[in-house]
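Heads up: the structure comes next, in structure tokens.
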Amino acid sequence: MTTTPPAEENAQDDYLVDYGITTANRNQRGLTYTTAPLPADLEVTGDPVVHLYAASTATDNDFFAYLEDVAPDGSTRYFAVDGSLRASNRALHQPPYDNWGLPYHRSFEKDAQLLMPGKPVALSFNMGSTSYIFKAG
């Protein structure tokens, strides 16, 4: 884990899937991104959206994202904000209702797009509504 932002525009992380990840060990065994300690309290209210570019050796993958609060001692607090997307369901569509401009995946079989091994694709998905204050530090 690092709090240093990428030094290059086209930086990448390589990660080998770990099928032993659980909610108890995902911070130690999953791919994580952590900011530097906050200099002031930060309120996050709304619907966080993940924009991720990913490539795989497989033709499909499930991607999960969690927003957590990291304490000064390194412990984490999960506060029920998460999102997931199966890569083959990544096609974006116009929703049949007003969803405030959030990514909408209708996940119809005819829309499925398998991954081409090694070729990056854009994945965008909503993490759900939240209102939380991350404390300084």
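Each value in this text was obtained by applying a stated rule to the coordinates, not by laboratory testing. These figures come from a predicted structure and were not determined experimentally. FYI the Cβ positions are ideal-geometry reconstructions off the backbone, even for glycines, and counts take in every protein chain you see.
Listing for the model above:
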quantity: Qualifying residue in the stretch 52-65 (condition: over 11 Å from the mean Cα position of the chain (by Cα), under 30 Å from Lys135 (Cβ atoms) and of a type outside the set (Gly, Ala, Ser)); calculated: no
quantity: Qualifying position, being out of contact with any Leu (no Cβ under 6 Å at 6 or more places or on another chain) and on the phi > 0 side of the Ramachandran plot, among Gly46, Gly83, Gly20, Gly30; calculated: Gly46
quantity: Spans of strands (runs of 3 or more DSSP E) in the stretch 38-94 with at least 2 residues touching a strand residue (DSSP E or B) at 6+ places or on another chain (Cβ under 8 Å) and touching a residue at least 60 places away in the same chain (Cβ under 8 Å); calculated: 42-46, 49-54, 62-70
quantity: From the options Asp14, Asp111, Asp62, residue that is under 17 Å from Asn126 (Cβ atoms), surrounded by fewer than 15 Cβ atoms within 10 Å (Cβ to Cβ) and charged (D, E, K, R); calculated: Asp62
